[in-house]
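No lab work stands behind these numbers, since they all come straight from the coordinates. From a predicted model like this one, the values you see are computed outputs, not experimental measurements. Please note: Cβ atoms are built from the backbone with ideal geometry, for glycine as well, and neighbour counts cover all protein chains shown.
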Amino acid sequence: MLIIAVTHFRRRYIAFKIHSENDVSFHRLQIIKAIQDTCMKSHHTSCKTFDFFLTRFQHNTGILRCFHKEKNRAIALLQSIKFIEDTAITIETIATSGTIKSLIKKHLNGDQLQDSKD
């Protein structure tokens, strides 16, 4: 008899805001690259290992998805990013939720954070 273990990975969504000295506006691809590079440097693996994925990003506010057991690692990763290209930044994590809908409703004032195409 073959027994297959099914593991259920719950996800968490982390809202964050990027602050920079001159209020530089960043693009989604710049943030993705910074997250990927930092993950590779600090954990020697890709973001896929922890299910890190930038689900929404607009006006320097974003939502990062991760596995529920990796929430603290995801927050630490975001806060460890100090530069995007040559611009010094700090990342403030706002809140964490089990769904994007409740995160937006409760912590981002209903702002849908529609992704830009660039």
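Straight-line reach only, C-alpha to C-alpha below 18 angstrom: list the aspartates and glutamates that LYS101 could link to, leaving out same-chain residues fewer than 8 apart.
Here the aspartates and glutamates satisfying the reach criterion relative to LYS101 are ASP111, ASP115.
Which number do you get for Rg(Cα) / (2.2 N^0.38 Å) in the chain?
Taking N as the residue count of the chain, the ratio is 1.12.
Show that you can apply the helix-only estimate: for the chain, add -39,500 (n - 2.57) for every DSSP H stretch of four or more residues, divide by all residues, and state [θ] at 222 nm to the nearest 500.
-9000 deg cm²/dmol
May I ask you to list the lysines whose Cα is less than 17 Å away from that of LYS33, ignoring any residue fewer than eight positions away on the same chain?
LYS17, LYS41, LYS48, LYS82, LYS117
Can you tell me, using C-alpha contacts under 8 Å and at least 6 residues apart, the relative contact order of the chain as a whole percent?
Computed over the chain, the figure is 38 percent.
Please name whichever of SER25, ILE75, PHE50 sits farthest to the positive end of the charge dipole of the chain, dipole taken about the Cα centre and charges placed at Cβ: Lys and Arg +1, Asp and Glu -1.
PHE50
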